[in-house]
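Let me begin by presenting the structure, written as structure tokens, before commenting on it.
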């Protein structure tokens with residue numbers, strides 16, 4: 001593994017702090033049910049924005065790590081995580097799980113008129129822990 005440049009480490013650390021704040025904010029929405037999500041626009045917007053922010057920050061961290069390795073940048077966000085796994089920078093199983101959760105970001109960004117509750121609910125249930133696992137793996141790289 002190639003050591004990251006100081007500015008890359010700092011950029012990862014900044015994003016990790018942002019993720020911690022977003023995860024803390026998301027915690028109060030973890031028990032939200034479909035009816036609330038559907039009928040309370042502010043709640044829905046908060047959840048969607050936090051999930052999107054978490055995904056974007058993880059994507060950024062993944063891309064910074066790959067740039068530090070001078071790896072060719074993948075063309076999709078899914079491929080960013082797959083490449084991290086293939087390069088043994090993060091465990092492959094974790095890379096695949098995070099890639100699946102990150103797919104929710106595309107849904108929110110591009111299909112925002114469709115309320116995909118099942119995918120949001122899955123993220124609320126599993127996403128925070130998988131994001132934390134990814135952050136722990138990234139911390140080892142940025143250390």
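The values are calculated or read from the model by the stated rules, or taken from the named source; none is laboratory data. From a predicted model like this one, the values you see are computed outputs, not experimental measurements. Methodologically, a virtual Cβ is constructed for each residue, glycine included, from the backbone with ideal geometry; neighbour enumeration extends over all protein chains shown.
Of the residues in the range 104-116, how many are surrounded by fewer than 16 Cβ atoms within 10 Å (Cβ to Cβ) and in a helix (DSSP H, G or I)?
The total comes to 3.
Considering only the range 20-43, state which residues are in contact (Cβ under 8 Å) with a residue 60 or more places away in the chain and within 15 Å of residue 108 (Cα to Cα).
Of everything in the range 20-43, those that are in contact (Cβ under 8 Å) with a residue 60 or more places away in the chain and within 15 Å of residue 108 (Cα to Cα) turn out to be 37, 38.
Could you list all residues from the range 69-88 that are under 14 Å from residue 1 (Cβ atoms), modelled with pLDDT under 95 and touching a helix residue (DSSP H, G or I) at 6+ places or on another chain (Cβ under 7 Å)?
71
Restricting to helices (runs of 4 or more DSSP H) lying wholly in the range 1-95: which have 3 or more residues that are crowded, with 20+ Cβ neighbours inside 10 Å?
Counting at least 3 such residues, we get 6-27, 41-68, 77-86.
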